[in-house]
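Engineer: First the structure, then my questions, so here it is.
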Amino acid sequence: MKYFFMILLAMLSFQVTTITALPIQKRVITVYGNCGSCKKAIEKAAKSVDGVESANWDKKKKTLTIAYEDTKTSLNLIEKAITVIGYDTEKLSADDTAYENLHSCCKYDRKPR
């Protein structure tokens, strides 16, 4: 009987673990910027979105690697948060006013829209 309860407990704890596992998506997107200040701002904007677990922008590659819970947010919402502060992504463009408010060292060459 003791053996039976141990197996039952193990099965229940496995089910609880699989039920509470978060559906994490990992994506790499292009985000334009130039410097260390851009890195801080881009990562902070991405992490400000509820559900984003991590964000790491690579200055040389101009890529942002993000991990997020897809039940709480979407890639589109994360990109919007980044464009609000003045940075273009591969799919969305920042408002001209937001771009103009960037520090001079952060103003990257914008692609024609």
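FYI, it's all coordinate maths here, none of it is from the lab. Computed from a prediction, not measured in an experiment: that's the story for all the values here. Here Cβ is always computed from backbone atoms with ideal geometry, including for glycine, and neighbour counts include all displayed protein chains.
Engineer: May I ask which residue of Gly86, Thr73, Thr63 lies farthest towards the positive end of the charge dipole of the stretch 23-106, with charges of +1 (Lys, Arg) and -1 (Asp, Glu) on Cβ and the Cα centre as origin?
Structural biologist: Comparing the listed Cα positions along the dipole, Thr63 ranks first.
Engineer: Using the 2.2 N^0.38 Å rule of thumb for compact globular proteins, work out how the stretch 23-106 stacks up: its C-alpha Rg over that value, please. Don't skip to the end; give the middle numbers.
Structural biologist: Details: Rg = 11.8 Å, N = 84, 2.2 N^0.38 = 11.8 Å.
For the stretch 23-106, the normalised Cα radius of gyration comes out at 1.00.
Engineer: My understanding is that a pair violates if its Cα-Cα distance is over 19 Å; which of Lys61/Lys111; Lys91/Lys111; Lys47/Lys107; Lys60/Lys107; Lys40/Lys91; Lys62/Lys91 do that in this structure? Kindly include the intermediate steps, with their values, before the conclusion.
Structural biologist: Working: Lys61/Lys111 16 Å; Lys91/Lys111 11 Å; Lys47/Lys107 22 Å; Lys60/Lys107 15 Å; Lys40/Lys91 21 Å; Lys62/Lys91 14 Å.
Listed pairs above 19 Å: Lys47/Lys107; Lys40/Lys91.
Engineer: Report the extension gain between Ser74 and Lys59 in nm, rounded to one decimal, defined as 0.36 nm multiplied by the number of residues separating them, less their alpha carbon distance. Provide the component values of the computation, followed by the final result.
Structural biologist: Values: separation 15, 0.36 × 15 = 5.40 nm, distance 2.32 nm.
Once the chain is fully extended between Ser74 and Lys59, it gains 3.1 nm.
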